[in-house]
Structures are given as C-alpha cells and as structure tokens.
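The values are calculated or read from the model by the stated rules, or taken from the named source; none is laboratory data. As the structure is a prediction and not an experimental result, all values here were calculated from the model. Here Cβ is always computed from backbone atoms with ideal geometry, including for glycine, and neighbour counts include all displayed protein chains. To get the accessible areas, we keep the full protein, side chains included, count just its heavy atoms, and leave off ligands, DNA and RNA. Shrake-Rupley method; radii C 1.70, N 1.55, O 1.52, S 1.80 Å.
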Amino acid sequence: MSGTVRQISVVLDPSIPYFLRVDWAEDLGAGFTLALSNGSSSWIGEVPEEEMTGKATELGVKREKYVEDLHQALTGGGESERGRGRVAEKEEYLFHLSSDHGCLSYDKKTQRGVLVNMGAVELHPAPVDLNREMIAHTLEHSADLETENRRLQEKNQTLRQERQHLLADLEKHVQEMETMEGDLFSRFIMLLNEKKGKIRALQETIRHVQQRVEEQENHRVTGVTVKSKAGDSIKEEEDLPQSFHPSQAPTVLIRGVLPLVLTFICSTKMEAWHMPIHK
C-alpha cells in the first residue's frame, strides 16, 4: 500500500490550509482512496478504476497519460508530458471544494490558461481519528525523509572523499608524467645533438671524398688534352700539300755513275747550241 500526504488550498477559501492524503494499492490507475482534512474535520472518498478509465475516454487521452496527470495533481509528483527529457514544466492544478464539503474536484490549467476538469470525488465525513492517522503518517513520512537525507549526505561525503583521493592521484600522475616528459625530452635533445654531430662528420667526409674525386678527374682530363694536342699536330702535318714525295725505296749507292751523268748533260747542251734555227 502506497500513500502520500500534501498540503493544498481550495479556490473557495485559499486562506484555509487543507491536507490531502491519497492511498493506492499498486497503481493509481487501478483506483485510490482520498482523505481531506482541515485540521478539525475530515472527509473521505474513493475513486474506482472504472471511473478512471471513463474519465480518460471522456477527455480523449490515453489512460497512461491521464493517470500521470492525475498523479501529479493529487500527489504533486511526476512530470508533465512537456517536461519529459528536460527540466520538468509542472502544470498548475486547482482544487474546488463544495460549500457542504461533499465534493472535491480538481482541474488542470494548461500553458494557454485553459482549465480542464481532471475528475471529482464524492466526500463523506470521516472518523475523528483520521486526523491522528494523517498526522502520524506525516510524521512517519518526515522521518523517512530525514533518514533518506542522512543516507544521501553520507553518500555525498563518501563521494567527496573519493573525489579528493582521485584528484590527489591525478595530480600525482600529472607530476610524474611531467617529470617523465622532461626526462624524455632531455634524452631526445642529447640524441638529436649526437645525430647532428654524426651527420656533420659524414658531410665532412663526403666533401673530402668529392674533392679527391674532382682532383682525380681534373688530372685525367689534363692528360687527355695534351695527347689530343699532339694528335692535332700530327694531323696538321698530314694535311700539308704533298709537293715532295720522297721515295720509300732503299737508297743504292752506285759508284762511277755520277761522271757519266754529267758528261751526258754537257754533250746534250752543246748539241742544242749548234742546231740551226729555221725561220
């Protein structure tokens, strides 16, 4: 059995506080009992399940939606349809009590200011001890709330301590990480400088090797140029006009030939001088 007690005000006389108690078995939609008290007098009424279903049909809404709105109206708990998934936008509910305290009706005021009747319950005078029961129920509910409040405070304290421990551990890990990062950075700088030194040494070695290779290439090119000049000289000599062709045959020395040649030449010339000239 579940039940709640809340303070309400009626439209007829809002200055007088009323206490409304609602009890139900499993679900408010299955029917509930209602008790109303102003501190000196009490009234009681009952709403069956059939009346709940008929009222939902009359309003043209789903039964679940009607039960939700009714639960919010009578107990002050729950959320309106527009408040689901975000901050609840509670609707305003108004209570009307007849002058003879024989009927209690409850209306819902929508966001547009339209009043929708959510139902009514017929009231009957209740025994005097109902006030004591309502006061006892209120005190019991207050004690339960205090117990729950203490439990939540203890849980909150535990969570706060855990949070402080987590923050301390986190700060410790952050410091260790910063130290490790500094150490790794220092090692990286040392390794980087070492690599730079090796690269410079390799570059110096490569430069020396290139110089030696260039010197060897220069020497080789110089030797080829000299040979080419000698070859050009020979070629130029070969290209001269051949005005004289020495005999390639071996020279033979003949003794006694030269006087005969001279004698032959002289006699030839003498004959030429004594020849008659024909005019």
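Return the total of residues in the range 10-39 being open to solvent by 60 Å² or more (accessible area, probe 1.4 Å) and closer than 27 Å to Thr53 by Cα.
The qualifying residues number 5.
Are any residues in the range 41-76 small (Gly, Ala, Ser) and either open to solvent by less than 30 Å² (accessible area, probe 1.4 Å) or in contact (Cβ under 8 Å) with a residue 12 or more places away in the chain (or both), and if so, which ones?
Within the range 41-76, Ser41, Ser42, Gly45, Ala56, Ala73, Gly76 meet the criteria.
Mind telling me which of the residues Gly45, Gly29, Gly54 ends up being out of contact with any helix residue (DSSP H, G or I) (no Cβ under 7 Å at 6 or more places or on another chain) and farther than 25 Å from Ser99 by Cβ?
Result of the check over Gly45, Gly29, Gly54: Gly54.
Go through the residues of the range 180-190 one by one and say whether even a single one is open to solvent by 80 Å² or more (accessible area, probe 1.4 Å), among the hydroxyl-bearing types (Ser, Thr, Tyr) and part of a helix (DSSP H, G or I).
For the range 180-190, residues open to solvent by 80 Å² or more (accessible area, probe 1.4 Å), among the hydroxyl-bearing types (Ser, Thr, Tyr) and part of a helix (DSSP H, G or I): absent.
Across the range 95-121, what is the total count of residues that are assigned to a strand (DSSP E or B) and without any contact (Cβ under 8 Å) to a residue 60 or more places away in the chain?
Residues flagged as assigned to a strand (DSSP E or B) and without any contact (Cβ under 8 Å) to a residue 60 or more places away in the chain within the range 95-121 amount to 10.
Please indicate, with yes or no, whether at least one residue in the range 157-169 is in contact with a strand residue (DSSP E or B) (Cβ under 8 Å, 6 or more places away or on another chain), surrounded by 10 or more Cβ atoms within 10 Å (Cβ to Cβ) and farther than 30 Å from Gly60 by Cα.
no
State all residues of the range 14-25 that are out of contact with any Lys or Arg (no Cβ under 9 Å at 6 or more places or on another chain) and touching a residue at least 24 places away in the same chain (Cβ under 8 Å); if no residue qualifies, say none.
Once the filter is applied, which keeps residues that are out of contact with any Lys or Arg (no Cβ under 9 Å at 6 or more places or on another chain) and touching a residue at least 24 places away in the same chain (Cβ under 8 Å), the range 14-25 yields Tyr18, Ala25.
Consider the range 87-136. How many of its residues are open to solvent by 40 Å² or more (accessible area, probe 1.4 Å), over 21 Å from Val61 (Cα atoms) and not charged (D, E, K, R)?
Result for the range 87-136: 11.
Of these, Phe32, Phe19, which one is over 16 Å from His124 (Cβ atoms) and either β-branched (Val, Ile, Thr) or in a strand (DSSP E or B) (or both)?
Going through Phe32, Phe19 in turn, just one is over 16 Å from His124 (Cβ atoms) and either β-branched (Val, Ile, Thr) or in a strand (DSSP E or B) (or both): Phe19.
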